[in-house]
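See below for the structure under consideration.
The values are calculated or read from the model by the stated rules, or taken from the named source; none is laboratory data. Quick caveat: nothing in here was measured; it's all calculated off a predicted structure. Cβ atoms come from the backbone with ideal geometry, glycine included; neighbour counts cover every protein chain shown. Please note that ligands, DNA and RNA were not included when accessible areas were found on the heavy atoms of the full protein model with its side chains. Shrake-Rupley method; radii C 1.70, N 1.55, O 1.52, S 1.80 Å.
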Amino acid sequence: MMEKHDTTSSIVNKSLDFHRKASYNQSDFAGGRKINPINPTRPRCFNNYWRWQTLYNISSMKDLSKDLFNPLSGEDFVKMFDANYGTQETLQGYATKGTVKDIRGDFAMVDVGLKSEGRVPLKEFGASVPSVGDIIDVFVERYESREGTAVLSYTKARAEKAWKDLEKTVAEGIDPEGTIIDVVRGGFTVDLGGVFAFMPSSQVDHKPVRDAKSLIGLKDKFRVLKMDALRTNAIVSRRAIQSDSIAAAQKEAMKNITLGAVIEGTVKNITDYGVFVDLGGIDGLLHVTDLSWKRVNHPRELVHVGQKIKVKVIQFDPESHRISLGAKQLEADPWDTASRAFNVGDTISGKVSSLTDYGAFIDLGNNIEGLVHMSELSWTNKNIHPSKVLQNGQDVNVVVLGIDQEKRRISLGYKQLQPNPWKQFAETHNIGDVVTGPIKNTTEFGLFVALTPELDGMVHISDLSWNKLDEEELKKFVRGQEVTAKILDINPEKERVTLGIKQLTQGADNNSIAIKKGAVVSGTVSEVTPDELILALPNDICGVIRRTDLSREKAEQDTNKFHVGDTVEASVVSVENNTVKLSIRALQVTLEKQAVKEYANQADSGSVLGDILGAAIENSKK
């Protein structure tokens, strides 16, 4: 808006002071020139004074100068200033209207009421070049340029007008329309009818935008977040407009949502854990477990984006606008009748719906599935992968092994309808039969021998030899080696066949012993060293007693008290590398425990305990 400057007394007074102080005398006129008291090198004239001054002599000019340079009074000068300039509008720095007077070259000559016309570059008009006589808006940048014309701008006038229009629009609470014209660092440039505003990337949409350039040219409404009149820039948001629309739609949609209501929606997005359904302005979550009564690996098996689907509101929070939906709740729960439809032991038909590492799921119809665990697939292989036995979509017969109504589980068996090789083996073999087969595997506790292509029998490490140490005897057998063994036990229920190799030969005589950990053995001292005793045990077995294991009493832990040929009784501590480690101290502890147990069973006085302990200790020393 153009402003009017009032008459300024200070400006007038300064002008009067200048005229009063100016001294014009004979010396001011030299050679027919008037000397400028401010700048002596520049001629000075008032009106047409210099045109007729040469017609008079110097004396007459001096008289005329008295009248000519007689300054006005202060009041008269102020009145004259106000009459000519006091009410004139100041145009510089403001926009005004002007009339196109002429088109000269690349400029349009525009009259805005100044002493000279102004020039406006034609390129500022773009394709809409004005004609002579058109009234246009221009911005007065300067009153006078080097060429003596006013400096005008059509672009700045439009920008100023657009800014004022934008301010008015925002003041009225209206969201202006604009166009996204460019992608810049951190956001976008938006043209709001001549005002170029900045829109941050976070304000472009309520959901992520993958291709920012795809929005160039988009026309929409924008919310002005901030305006800076000094810098004539603004920050806008498109997301704020969308949020208002979403909020309004949600508010309207919430009127139709109640707990238990059945609503038709559109599948908006699919994730691993469920489906987001658009209910007409507000989204609800349909969890994967609520899609169907049967097992669903992924929601995409049943729905796709854009699909119309009926759902039931099963949970609803009006404050947080969280809505949980269900699709299976629209159908009767098949598990209510599962206990009546199936019985343990029934043979039923189904189709393999999915295979996992731990078993196979069988579709039994009516949205009910049962699980065949991997251990129920084969009689002989407990860890077989389901894919090696069954295939997806395969029709199979299974046996109902169990029904858990609360956990909604049905356990099925597949191997139960196949011939049981353990029962077949029990029918064709007896305990005591001798069998031959290759070693399938060796472990630290025995051997597994192949009896049939499906069955293995186990030879325990203790059934390898009568006389040799178990660990040493086990090393003689390798995988693939053919061995002969005797059947010791057949248990079809536990799916187990026990074999023995040493049972093929006669056992040792009555003097032989089975060396086991904790057993009490007797041997002859064959060697004495400062740290241990070496004993010769039956069946050419070597025993060792360390010095610290000779007695519980530290004073008795002396190997010099023993001689070669002495007979020593001790407990077996361990068997390692064909050497039996023995301990007299361990035997003494065992005897004392037995004595205490015997004492507890007697009813005599406390002296009996001493007698029993003493006898036990004496026996251990003999």
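Structure data summary
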| item | result |
| --- | --- |
| Search result, residues across the range 535-594 that are over 60 Å from the mean Cα position of the chain (by Cα), of a type in the set (Gly, Ala, Ser) and outside any helix (DSSP H, G or I) | Ala536, Gly543, Ser551, Gly565, Ala570, Ser571, Ser583 |
| Number of positions in the range 590-613 that are modelled with pLDDT of 80 or more and surrounded by 14 or more Cβ atoms within 10 Å (Cβ to Cβ) | 3 |
| Spans of strands (runs of 3 or more DSSP E) in the range 63-123 with at least 2 residues at pLDDT 85 or above and of a type in the set (A, V, I, L, M) | 95-104, 107-111 |
| Residue match in the range 291-301 (condition: open to solvent by 30 Å² or more (accessible area, probe 1.4 Å) and aliphatic (A, V, I, L, M)) | no |
| Residue match in the range 375-383 (condition: among the acidic types (Asp, Glu) and crowded, with 17+ Cβ neighbours inside 10 Å) | yes |
| Test for Gly432: is it at pLDDT 85 or above and closer than 25 Å to His373 by Cβ | no |
| Selection from the range 334-356 of residues that are under 21 Å from Pro299 (Cα atoms) and either among the hydrophobic types (A, V, I, L, M, F, W, C) or open to solvent by 30 Å² or more (accessible area, probe 1.4 Å) (or both) | Lys351, Val352, Ser353, Leu355 |
| Filter pass, Asp137 being in a strand (DSSP E or B), touching a helix residue (DSSP H, G or I) at 6+ places or on another chain (Cβ under 6 Å) and open to solvent by 30 Å² or more (accessible area, probe 1.4 Å) | yes |
| Out of Glu331, Glu319, sole residue that is open to solvent by 60 Å² or more (accessible area, probe 1.4 Å) and free of Cβ contacts under 8 Å to residues at least 12 places away in the same chain | Glu319 |
| Thr484 vs. criteria at pLDDT 90 or above, open to solvent by less than 70 Å² (accessible area, probe 1.4 Å) and either polar (S, T, N, Q) or in contact with a strand residue (DSSP E or B) (Cβ under 9 Å, 6 or more places away or on another chain) (or both) | yes |
| Per-region count, the range 171-218, residues without any contact (Cβ under 8 Å) to a residue 12 or more places away in the chain and of a type in the set (Ser, Thr, Tyr) | 2 |
| Conditions (1) under 24 Å from the mean Cα position of the chain (by Cα); (2) closer than 28 Å to Gly402 by Cα; number of the one not met by Arg295 | (1) |
| Enumerated strands (runs of 3 or more DSSP E) restricted to the range 160-243, each holding at least 2 residues that are crowded, with 18+ Cβ neighbours inside 10 Å | 177-184, 187-191, 196-200, 223-228, 233-237 |
| Residue in the range 166-174 that is more than 16 Å from Ile241 (Cα to Cα) and touching a Ser or Thr at 6+ places or on another chain (Cβ under 6 Å) present | no |
| Ser411 being assigned to a loop (DSSP other than H, G, I, E, B) and small (Gly, Ala, Ser) | no |
| Hits in the range 392-451 - residues which are open to solvent by 80 Å² or more (accessible area, probe 1.4 Å) and farther than 23 Å from Leu377 by Cα | Glu406, Thr428, Asn430, Ile431, Val434, Thr436, Glu444, Phe445 |
| The range 270-314: number of residues that are of a type in the set (Asp, Glu) and farther than 30 Å from Asp336 by Cα | 2 |
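Every residue, every condition in (1) assigned to a strand (DSSP E or B); (2) of a type in the set (Ser, Thr, Tyr); (3) open to solvent by 80 Å² or more (accessible area, probe 1.4 Å); (4) in contact with a strand residue (DSSP E or B) (Cβ under 9 Å, 6 or more places away or on another chain), yes or no:
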site: Leu259; (1), (2), (3), (4): no, no, yes, yes
site: Glu264; (1), (2), (3), (4): yes, no, yes, yes
site: Lys268; (1), (2), (3), (4): yes, no, yes, yes
site: Asp272; (1), (2), (3), (4): no, no, yes, no
site: Gly280; (1), (2), (3), (4): no, no, no, yes
site: Gly284; (1), (2), (3), (4): yes, no, no, yes
site: His304; (1), (2), (3), (4): no, no, yes, yes
site: Ile309; (1), (2), (3), (4): yes, no, no, yes
site: Ile314; (1), (2), (3), (4): yes, no, no, yes
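Rundown of residues vs (1) without any contact (Cβ under 8 Å) to a residue 24 or more places away in the chain; (2) of a type in the set (S, T, N, Q), yes/no style:
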| position | (1), (2) |
| --- | --- |
| Trp379 | no, no |
| Gln391 | no, yes |
| Asp395 | no, no |
| Val399 | no, no |
| Glu406 | yes, no |
| Gly413 | no, no |
| Gln418 | no, yes |
| Trp422 | no, no |
| His429 | no, no |
